[in-house]
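**Student:** Mind looking over this structure? Questions follow.
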Amino acid sequence: MNVLIAGGSGFIGRHLVSHLLAERHRVGVLSRSPDAHRSSLPGELEWLSWPVRAEGDWLNRLPEFDAIINLAGDNLGSGWWTAAKKRRILESRLQATRALTDALRKTGARLRVFVNASAIGYYGSRGEEPIDEQTPPGEDFLAQVCREWEAAAQEADGLAERRCIVRIAMVLGTDGGALPQMLRPFRLFVGGKIGSGRQWMSWIHIQDLVRAFAFVLDHAEARGVANATAPNPVTNAEWTQTLAHVLHRPALFPVPAIALKLLLGEKSILALQSQRVLPKTLLTLGFRFQFPTVEDALVNLLRQN
């Protein structure tokens, strides 16, 4: 399949590009600054300069592709969540998604599948409640971002044979995402649970995530929403004990919720919200996780480094 990826130079995108190339897909990457990223990705992929708000050669090349995967959006984890940062988080996602659907409409290109990323932030904080794809959205900032992002992606209906929304959990990898920051206190022997430790954490190994995207591309039954999260969410206390065990470190220094709120402000929701999310759609379609438990994932990621 000929696959065009928006946001292919980021943490998830780099792994996805490598995986799709290994599976013999032809891969193109849309980038605002292709020259800055060429050395970080395999040479056999194609780079298309993407000014996002302006037309260009990428528009003419669009009919060559069978599928689009849209990962583009400002990094949630970087910087303080000022009003300006929050606008960038939302607007970067809406602008990129609308640019893609507008381009499909202008060119008359007909895709086999349009896959748009989203996040489990869609559901808000739900305490002990098990969450699947039918759970209604939350009301906080992240839920609002995800609702609007997914609504923009729905404009692809009629422009592709099918549309898929992939709601991504916390992604575990050693070269990006939240895990490297979470490792630091444990490696310094000052790690511990966050807040009460009772909040549920949903997560996915980076390799299972890219396999899930490839699965959605290849399975005609995949349409609508799919949660990209491992089938065994854990509480923060369970996560802490597992991480400490894998690293052979103690977990004796809890971080009070109030301290995290003072340190991170509104962004502390990323660590304090409780989301017990299950991948019902993927499991129903027959997807098999290589790393179904957090211990499986952490052993694979940390004991090889």
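The values are calculated or read from the model by the stated rules, or taken from the named source; none is laboratory data. Computed from a predicted structure; not experimentally measured. With ideal geometry, Cβ positions are generated from the backbone for all residues, glycine too; neighbour counts draw on all protein chains shown.
**Student:** All but one of (1) farther than 23 Å from GLU155 by Cα; (2) surrounded by 19 or more Cβ atoms within 10 Å (Cβ to Cβ) hold for SER33; state the number of the condition that does not hold.
**Tutor:** Looking at each condition in turn, SER33 falls short on (2).
**Student:** For segment 77-109, what are the residues that are basic (Lys, Arg), loosely packed, with under 14 Cβ neighbours inside 10 Å and within 23 Å of the chain's Cα centre (by Cα)?
**Tutor:** Correct list: ARG87 only.
**Student:** Restricting attention to segment 263-282, does a residue exist that is exposed (fewer than 14 other Cβ atoms within 10 Å of the Cβ) and of a type in the set (A, V, I, L, M, F, W, C)?
**Tutor:** yes
**Student:** Ok, one more. Kindly indicate which of ARG61, ARG32 is basic (Lys, Arg), under 24 Å from ARG110 (Cβ atoms) and at pLDDT 80 or above.
**Tutor:** Selected residue: ARG61, the only one of ARG61, ARG32 that is basic (Lys, Arg), under 24 Å from ARG110 (Cβ atoms) and at pLDDT 80 or above.
**Student:** Let me ask something additional. Being buried (at least 20 other Cβ atoms within 10 Å of the Cβ), over 17 Å from ASN236 (Cα atoms) and basic (Lys, Arg): is that true of ARG163 here?
**Tutor:** In short, yes.
**Student:** Right, next: Can you tell me how many residues within segment 283-294 are surrounded by fewer than 17 Cβ atoms within 10 Å (Cβ to Cβ) and either in contact with a Cys (Cβ under 9 Å, 6 or more places away or on another chain) or under 22 Å from ILE131 (Cβ atoms) (or both)?
**Tutor:** Adding up the residues that qualify gives 7.
**Student:** May I ask you to list the residues in segment 209-248 that are over 22 Å from the mean Cα position of the chain (by Cα) and on the phi > 0 side of the Ramachandran plot?
**Tutor:** HIS248
**Student:** List the residue pairs whose Cβ atoms are under 6 Å apart, where the first residue sits in segment 284-305 and is acidic (Asp, Glu), the second is surrounded by fewer than 20 Cβ atoms within 10 Å (Cβ to Cβ) and part of a helix (DSSP H, G or I), and the two are 6 or more positions apart or on different chains.
**Tutor:** GLU295/THR242
**Student:** Which residue, of TRP80, TRP58, is of a type in the set (A, V, I, L, M, F, W, C), over 22 Å from ARG26 (Cα atoms) and either part of a loop (DSSP other than H, G, I, E, B) or touching a Phe, Trp or Tyr at 6+ places or on another chain (Cβ under 6 Å) (or both)?
**Tutor:** Of the residues listed, the single one that is of a type in the set (A, V, I, L, M, F, W, C), over 22 Å from ARG26 (Cα atoms) and either part of a loop (DSSP other than H, G, I, E, B) or touching a Phe, Trp or Tyr at 6+ places or on another chain (Cβ under 6 Å) (or both) is TRP80.
**Student:** Here's another thing I want to ask about it. Is it true that some residue in segment 10-22 is surrounded by fewer than 23 Cβ atoms within 10 Å (Cβ to Cβ), at pLDDT below 90, part of a loop (DSSP other than H, G, I, E, B) and of a type in the set (Gly, Ala, Ser)?
**Tutor:** no
**Student:** Go through segment 103-117 and give me each residue that's assigned to a helix (DSSP H, G or I) and either in contact with a strand residue (DSSP E or B) (Cβ under 7 Å, 6 or more places away or on another chain) or under 21 Å from ARG223 (Cα atoms) (or both).
**Tutor:** Hits for segment 103-117 are LEU104, ARG105.
**Student:** Among the listed residues LEU260, LEU252, which satisfies the condition of being at pLDDT below 95, more than 25 Å from GLU129 (Cα to Cα), over 21 Å from the mean Cα position of the chain (by Cα) and of a type in the set (A, V, I, L, M, F, W, C)?
**Tutor:** Selected residue: LEU252, the only one of LEU260, LEU252 that is at pLDDT below 95, more than 25 Å from GLU129 (Cα to Cα), over 21 Å from the mean Cα position of the chain (by Cα) and of a type in the set (A, V, I, L, M, F, W, C).
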